[in-house]
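Read-outs: derived from the displayed coordinates by stated rules, not from any lab. Owing to the predicted nature of the structure, the values given are computational and were not obtained by experimental measurement. All Cβ positions, glycine included, derive from the backbone under ideal geometry; neighbour counts span all protein chains shown.
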Amino acid sequence: MGQLFSDASKNEDNGDLVSSFTKYFKKIKTENKIISQETIHLIELHLKNGNIQGVNSVINDALKNIDSIPINIAVTGESGAGKSSFINALRGVGPEDQGAAEEGVTETTMMRTPYKHPKIKTLTFWDLPGIGTKNFPPKDYLEKVNFQEYDFFVIVSALRFTKHELDLAKAIRFMKKNYYFVRTKVDIDLQNEKESKPRTFEREKTLKQIRSYCLNTFTQNNMDVPQIFLISNKHLSDYDFPVLMDTLIKDLSNQKRHNFMLSLPNITEAVIDRKHKSMQQHIWLEAFKAGLLATVPVVGILTNDVKKLKVKLNHYRVLFGVDDASLEAIAKDSQVPVEQLKKIIKSPFLLETKNKETLEEMLLKCLKIFASIRGGPLASGLYFRKTFYLEFLFLDTVTEDAKVRLRETYSKI
Ligand SMILES: Nc1nc2c(ncn2[C@@H]2O[C@H](COP(=O)(O)OP(=O)(O)OP(=O)(O)O)[C@@H](O)[C@H]2O)c(=O)[nH]1
Ligand SMILES: [Mg+2]
C-alpha cells in the first residue's frame, strides 16, 4: 500500500501513474472492488492522456456516488417469521435499543416501515407486511409496497414457505427484481430436534433436512431453486448468515457495495477484513486524487488536519464497532467488563497526546509506527499528503482492534 504511493508520487511520468493505478486495482478481487471496471478504464485512459482534471473529476464523481446513492432493502414474510429481528440484526441494533424494529410474538408490523441504518445513513431497510396476512394477489401486493424502490427483497420464513410466498417470489422475478429466501430460527429447530432425539441427534444432518425441505418446496412448485439461507437471528455468526452477507455484497453494484459492506455487523474476522479492504480503497482513491492535484509537497501536518484526522479515526472506530458506545453495548451483551475490552484495544490512544508532547510530535510518532509496520522508511518528497498515511494507520489499527475485540467476546455472546 505505502509502496504504491511511492510509485505514484513520480507523477512527472504518466506511465508510472497509470501502472501504479492499474496495479493497485488489479490486486483487488472483482467482488471487493468499490468502483466499476468501466470507471477504472476511464481513469486509466485519462491518466494515459495526461488529463489530470479528467481523472480528478471521475474519481470525485465515483466517490460522491458511493457516499450518496441510496440502498433500499425490502424484508417481507409471515407474521412472526423474524423480519424485525432480521432487520435489527443487519442494523446492529438490539431489540431493546432506541429505534429498533419492534420484535414480538403478536402481529406488530401492519404497514411498511422504514428503518435507517444507524451508521450508514443511505441504507434503509423496509419492514413489509407479510403477503399471507393480506388478501392481495402478489402483483397488487408488490404495487402497494412500491416494489420498484428496492434493490432486492428478502423473503423471511420460520417454517415452510407458503404458496403465497412462492407466488410472491415469482412475481418479484417477473418484475425483474432480485429476492433471497431466508429461513430463520434454525437454532430453535436444532434445539427441538436435540430434545426429542437426544441419542441420534446430529446437527449437520438436521440442517441438511431443513435445507432439503425448503428446496423441495420449490421443485414441487415447478420453480427454479434459489439459494436458501438458514440463519438464526440470535446467533449471527453461526449457520448461513455470513454466506448471505457475502452473497448480497457480490450481487450489489460496485457503487452500492462499499456502504453496504461498511454497514455489516462486525461478527466475523472475514467481514472485518472485507470492510478493511473496502475502506482502504476509498482512502487510496482520495489520496490518489489529492496527490494528482498537489503542486507542492505538503510536508507538515496542519492544525486543521488534526481535527479532520480525529473525525476520521472516530468514524472508523464507529464503523468497526470499537468506539466507546459500541464497546459498552458489547460488554453488556457478552458480560465481559468494559474495562477489559478497553484494555485490549489500541485505536483510542493513537491521537492522545502525553504531557508536554505536541500534536506534531505525536503525529510524527504515528508515522514512525506506520513506517515500521509497512517495513520501510517513508519515501521523501511525496506528493501524497502524510495525513493519508495516518488514515491507513488508523484503519489498520481499528481493524486489528475489531478482531481482538471479537476474539475476546466471541465465546461469550
Ligand atoms: N430463537 C430465535 N428466535 C427468533 C429468531 N428470529 C426471531 N425470533 C423471535 O421470534 C419472535 C418474532 O420475531 P419478529 O422479528 O418480531 O417477527 P416479525 O416477522 O417481525 O413479526 P411481525 O412484526 O408480527 O410480522 C420474537 O420473539 C423474536 O425474538 C431466531 O432466529 N431465533
Ligand atoms: Mg415485525
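Of the residues 210, 228, 249, the one whose Cα sits farthest toward the positive end of the charge dipole of segment 189-251, with +1 on the Cβ of Lys and Arg and -1 on the Cβ of Asp and Glu, is 210. Placing +1 on each Lys and Arg Cβ and -1 on each Asp and Glu Cβ, with no other charges, gives segment 160-319 a dipole about its Cα centre of roughly 320 debye. At 0.36 nm per residue, minus the direct Cα-Cα distance, what do residue 196 and residue 365 gain on full extension? Give it in nm, one decimal, please. Using 0.36 nm per residue and subtracting the Cα-Cα distance, I get 54.7 nm. Ordering 30, 247, 397 from the fewest to the most neighbouring beta carbons within 10 Å gives 30, 247, 397. Each peptide among 198-205, 214-221 gets the average number of other Cβ atoms lying within 10 Å of its residues, and from highest to lowest they stand as 214-221, 198-205.
Sorted from fewest to most neighbouring beta carbons within 10 Å, what does the list 282, 258 look like?
On the way: 282 19, 258 26.
Ascending Cβ contact count within 10 Å gives the list 282, 258.
Using Cβ contacts closer than 10 Å as the measure, can you line up 293, 351 from fewest to most?
Numbers: 293 11, 351 18.
Sorted ascending by nearby Cβ count, the order is 293, 351.
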